[in-house]
Amino acid sequence: MAWALGLGILAAVLSARGALSGLEWRAYDHQLAARAPGVPPRDIIVVMIDDSCLDRLGPWPWPMSRHADLVRRIAGAEPRAIVFDILFFGGTARDLAGRDGSAPLGRAATAPGPTPATSRPVAETPEFADALRDAGNVFLAMCFLQGEHPVELGPYGLRMAELRQPPPELGSAAAGAGAVNVFPERDGVVRSAPLVMDHGGEPIPSLALEVIRRIEPAPDVRIGTTGRRCSVRLGDTSIPLTRAGEMLISYAGGYKVFPWVAYDEVLAGQVSPERFRNRIVLVGFTATGLSDTRPTPLAPACPGVEINAHVMRTILESDFIRPLGAAGNALLALGIALALGLALPRLRPFGALIGAGAVAVLIVVVSVYLFQRAGLWINVVTPALTALAVGLVVAADGYRVSDREKIRTESSLGTLALATRMIAASTSRQPVLDAVREEITQLVGARQTDVYLMDLDGEELVLADGGRDARVRVGGGTLGRVGQEGVPLLTTDATADAALAREVAQAADFAVGPVAFIPLRRQDQVVGVVQVVRRPGEEAFGERDLELLNALSQEAAVALENVELYEKLEGKVEIANRELVKAYSQLALEKDRVEALLENMADAVIMTDTDDRVLYVNPAAERMFRVSGREVEGDPLAEHFDVGGLPAVAESAHDADGELVTGQVVIEEPKRLVLTANAALISDDQGRPVGVVTVLSDVTLLQEMSDMKTEFVSLVSHELRTPLTSVQGFAQTLRSDVEGHFDAATRSEFLEIIESECHRLLTMINELLDASRIEAGRELPMNWGQVSITAIADKLVKLHSASAEAHTFEVDFPADLPTIEADGDRIEQVLTNIISNAIKYSPDGGVVRISGRREDGEVLISVADHGLGMTEAQRGQLFQRYHRLESDASKRIRGTGLGLYLTKGLVEAHRGRIWAESEGPGKGSVFSFALPIQRPGENDAAGGA
Ligand code: ADP
């Protein structure tokens, strides 16, 4: 951008100073040549004096009377003006001579060449003056003598050294006089004609301007200056000027484009006067080869009279070429440079060149268009060249940038390659050093690379090569200085310096040429130096190598630091690793334990997440709820466990703030189960809840026991109250008989009843005591002796036969049934219990058969009835404490459920067995017990029922 601005300013200055005016004029010539030829004008006619005129009328100068004759002939046709583009000098030969007396005056003005005016002074002719006066519209030319600087600018245009007027007689007779000077450019070509000239500060109009001023009287005719600029206005027409007083000419068509007639033909009356009517008749030299011929952009040589005619026509038709002006052109060049400077960098490098070329072409096209269509002439060379120059500069800059980017890409690729290798090898020092040496050598095309590392004290640089011991003091020698200052150093030839050669040879013991020393830096600290060498005669390390080496060294320093860190960490990691393994195995063990516990525990465990979805179910829970853990995991708890209010218990744990929530869950199907559910919210280390664990314990048995106990207490209370009420009743009756109404027999009967009820109470209380003894696992007090079961059975049958009317008893004992060693009272208690049950639970009466036999070392007693009987399931529960069978029939029969429990306890106290059989409800029962004949030894393990 700065470049473009500079170029723009330069172009603007060059344009303003006209430095490229030669080229610009050439461009102007080409534009002019491309213009369509103009239509020959109809209001101007040229009367020419050419070679053939001179042949016919004799050499110049001609007598004034001939000119008078011409004027008279033309004036008769009433033209608008008769203009002599011929000088009629009033001075002497000396006056007409050049200042040095050598150059003929006419060469610069309009004097004919072959017979210079210097040779024969022109005589004044009163006849010619008369003719001029008579015509009244004849204009004469006057002449400026050129000074040493012919084109000097004055306030009114070109300042000329000296002015020659026509002789006074002619001058006063003429309608007007004006300068006819036609001045060429430096290259000799005429591209502009002066309209106003400066003589002693006075504006002198050209012949053409003077004629037009007079024949086209305009209300406002002004020739003026603004600063150094001259301007000409004719009424509404403002004549555009290139420089002060000069108008650009657009002479098209070349020699003899104007209608013309020959001077002598006019004299001979051969030209119709109609041709002059109402026209400007311009008389002058047109002969080729005469001095008054000038090259124009379009014609190699053109007579001055034609140029003057062209100027007149241009003014009359307002057909001007307007120059843009110096300031406009300078601004244009600057603007284009700036615009391209902004736009082109986006396209570089190729696009910039193409873009600039396109803009240059566009400038040419636009300028040609404006020139052809609007007659506006803008400088084309300067802006086009500026565009190309900006394009070149931007493209060159683009190449420079892309080249730099290429280097940068290469260096980053190299760095990447090295980094990759080093990362792969970054756990130990040697592979990293090897990678650094090999990659750097390869990437910069070196012979060998060596790495020196700073020792711990920072005093020496030590060659990091296992095999060799090379050391350089920090600050000493070239390598030492690089290590101290941390600035890379490139040498073109190590052999040139003996000390350096020795130093380099410590690591590279072969012929060495260019060497590069690159510091290895870690943050602000130098931690080593890399020495890279090439062979003698190989290319020296350049800027590009340096960039690459710096990048690679940086990478290497990082890798070495990583190795150091790794080595430090390795020890710590190993310790941590070991601890981790230990912790892990402990954890695994713990997990196994917990798992085993959960798998084997009798309680059901269900874990749910915070959304009450099942996470885990242990085998006990699977069994209890008849589900498969794998199938229910992930499902909502209520989907599979919606029994007995379990989901409600688990859910309420969410709001219990970690407290245990307890509830009872009852499952009815397939078997009634009473469960105690304990649910608790589980949280992680941070106290975030992770789910709920619910443990369900089977308390069915406990529940049943508790129910039975409650029932037992009420039964026993009832059983105790009945005899007590009876005792109390008889006792009160006896006491209240103060007058002696009851006789002795009645009293005795009452007392017997009281005694028997007390006995019943005592028996019952003894039974309770025994039951509690058995329950507590204490031994029953036994009174061992020889007992005859046959005798006991006979006694009991006799006893019951008296009271039981509906029942008949059969006793079947073999005569040789041996006595057994036992407690007689206890055995009687056992048999009493079984027989009275047989009676109680066969309410419709029937035979009660008591039998006994010996079997091996035992005596086996059975009591069979034809009573209520029982189911298979009921049979299993008979001997439980407080247990009474659940049937309507037996419910109506009084009892406490203690008898069979106690009986079993007594049989077992004799190391005997007891069991029951039944073919089903209503089919009677058989209760049997077996007792050893001999009292077993204290330590004998006799089987129980
Ligand atoms: P109780 O007779 O006081 O209820 P037991 O312990 O003597 O208590 O008997 C327990 C239960 O066994 C009885 O309630 C009864 O239902 C049942 N049972 C006992 N003996 C018989 C039997 N011979 N026939 C049918 N049921 C019996």
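The values are calculated or read from the model by the stated rules, or taken from the named source; none is laboratory data. Everything numeric in this text was worked out from a predicted model, so none of it was measured. Neighbour counts are summed over all protein chains in view; Cβ atoms, including those assigned to glycine, are modelled from backbone coordinates with ideal geometry. These area figures cover heavy atoms from the full protein model, side chains too; ligands, DNA and RNA do not enter into them. Shrake-Rupley method; radii C 1.70, N 1.55, O 1.52, S 1.80 Å.
Residues whose amide H falls under 5 Å from that of SER231, counting only those 5 or more places apart or on a different chain, are GLY224, THR225, THR226, with hydrogens built in the peptide plane.
Distance between the 7 Å Cα→Cβ label points at ASP737 and ALA498: 16.1 nm. Applying 1/(1 + (r/R0)^6) with r as the Cβ-Cβ distance of LYS406 and ALA505 and R0 = 30 angstrom yields a FRET efficiency of 0.25. Just to be sure I understand the curve: with the Debye formula and one point per C-alpha of segment 706-845, what is log10 I(q)/I(0) at q = 0.10, 0.15, 0.18 Å⁻¹? Ignoring solvent entirely, the Cα scatterers give -0.52, -1.05, -1.24.
What does the charge count around ASP865 come to, taking other residues whose C-beta lies under 15 Å from its C-beta (Lys +1, Arg +1, Asp -1, Glu -1)? Display every interim value, and only then the final one.
Details: positive: LYS840, ARG849, ARG875, LYS923; negative: GLU810, ASP812, ASP844, GLU917, GLU919.
That sum, taken over residues with Cβ under 15 Å, equals -1.
The Rg/Rh ratio for segment 758-829 is 1.04, where Rg is the radius of gyration of the alpha carbons and Rh is the Kirkwood radius. Taking the Kirkwood radius as Rh and the Cα radius of gyration as Rg, segment 1-81 has a ratio of Rg/Rh equal to 1.36. How charged is the neighbourhood of PHE541? Take every other residue with its Cβ under 14 Å from the Cβ of PHE541, and add Lys/Arg as +1 and Asp/Glu as -1. Around PHE541, the surrounding residues sum to -2. Residues with amide H under 5 Å of GLY18's amide H, sequence separation 5 or more or different chain, H placed in the peptide plane at 1.01 Å from N; which? Here nothing satisfies the definition.
Rounded to the nearest 10 degrees, the angle from helix 899-909 to the longest Cα principal axis of the chain is 80 degrees. Scaled against 2.2 N^0.38 Å for its residue count N, the alpha carbon radius of gyration of segment 435-522 is 1.02. Can you tell me the orientation of helix 824-840 relative to the chain, as the angle in degrees between its alpha-carbon axis and the longest Cα principal axis, to the nearest 10? Result, in degrees: 70.
Using the charge dipole of the chain (Lys, Arg: +1 at Cβ; Asp, Glu: -1 at Cβ; taken about the Cα centre), state which of GLN732, SER428, HIS800 has its Cα farthest towards the positive end. So the residue we want is SER428.
Computed about its Cα centre, the charge dipole of the chain is approximately 7060 debye, with only Lys, Arg, Asp and Glu carrying charge at their Cβ. Under the classification rounded if a/c is under 1.5, otherwise prolate if a/b is larger than b/c and oblate if not, where does segment 481-626 fall, given a ≥ b ≥ c as square roots of the Cα gyration tensor eigenvalues? It is prolate, given that a/c is not under 1.5 and a/b is the larger ratio.
3J(HN,Hα) along segment 476-489: x, x, 5, 4, x, 5, 4, x, 7, 8, x, 10, x, 9 Hz, from the Karplus curve 6.51 cos²θ - 1.76 cosθ + 1.60 with θ = phi - 60°, whole Hz, x for Gly and Pro. Given a Förster radius of 45 Å and the C-beta distance between GLU775 and LEU580 as r, what FRET efficiency does 1/(1 + (r/R0)^6) yield to the nearest 0.05? Efficiency at R0 = 45 Å is approximately 0.20.
Dipole orientation for the chain: of the candidates LEU701, VAL627, LEU316, LEU316 has the Cα lying most toward the positive pole (charges on Cβ; Lys, Arg +1; Asp, Glu -1). Residues whose amide H comes within less than 5 Å of that of ALA179, counting only those at least five positions distant or on another chain, are MET142, SER206, LEU207 (H built at 1.01 Å from N in the peptide plane). In this structure, LYS795 and THR871 have a Cβ-Cβ separation that, at R0 = 25 Å, corresponds to a calculated FRET efficiency of about 0.15.
In this rough spin-label picture, where each label sits 7 Å from Cα along the Cβ direction, the SER683-ASP611 distance is 2.3 nm. Taken per residue, the accessible surface of segment 303-410 reaches 45 Å², heavy atoms only and a 1.4 Å probe. Partner lysines whose Cα lies under 29 Å from the Cα of LYS904, excluding those fewer than 8 positions away in the same chain, are identified as LYS671, LYS709, LYS795, LYS798, LYS840, LYS891, LYS923.
Below 8 Å between Cα atoms, with a sequence gap of 6+, how large is the relative contact order for segment 599-679 in percent? If you can, show how the numbers build up before the last one.
Working: 120 pairs, mean separation 15.9, N = 81.
It rounds to 20 percent for segment 599-679.
With 10 Å bins beginning at zero, the pair-distance distribution over Cα atoms of segment 623-704 amounts to 17, 46, 30, 6, 1 %. Expressed as a whole percent, the proportion of Cα-Cα pairs in segment 837-899 lying more than 17 Å apart is 51%.
Tell me whether segment 776-928 comes out rounded, prolate or oblate; compute the Cα gyration tensor, take square roots of the eigenvalues as a ≥ b ≥ c, and use a/c under 1.5 as the rounded threshold.
On the way: a/c = 1.72, a/b = 1.25, b/c = 1.38.
Since a/c reaches 1.5 but b/c is at least a/b, the shape of segment 776-928 is classed as oblate.
Taking 0.36 nm per residue of separation and subtracting the current Cα-Cα distance, fully stretching the chain between ALA596 and GLN430 would add 54.6 nm.
One compactness figure for the chain is 2.48, namely its Cα radius of gyration divided by 2.2 N^0.38 Å.
How much net charge surrounds PRO818 when only the other residues with a Cβ under 15 Å from the Cβ of PRO818 are counted, with Lys and Arg +1 and Asp and Glu -1?
Working: positive: ARG853, ARG854, ARG935; negative: ASP816, GLU821, GLU855, ASP856, GLU858.
Around PRO818, the surrounding residues sum to -2.
Taking the C-alpha atoms only, the angle from helix 543-600 to the longest principal axis of the chain is near 20 degrees. With θ taken as phi - 60° and the Karplus curve 6.51 cos²θ - 1.76 cosθ + 1.60 applied, the whole-hertz 3J(HN,Hα) list for segment 658-669 is x, 6, 6, 9, 10, x, 9, 10, 10, 9, 8, 10 Hz, x standing for glycine and proline.
Model label sites at ASP844 and SER788, defined 7 Å from Cα along the beta-carbon direction, differ in position by 3.8 nm. Pairs of alpha carbons in segment 510-580 separated by more than 20 Å make up 49% of all such pairs. Evaluating 6.51 cos²θ - 1.76 cosθ + 1.60 at θ = phi - 60° for every residue in segment 70-79, the Karplus couplings come out as 4, 4, 4, 5, 6, 4, x, 7, 6, x Hz, glycine and proline recorded as x.
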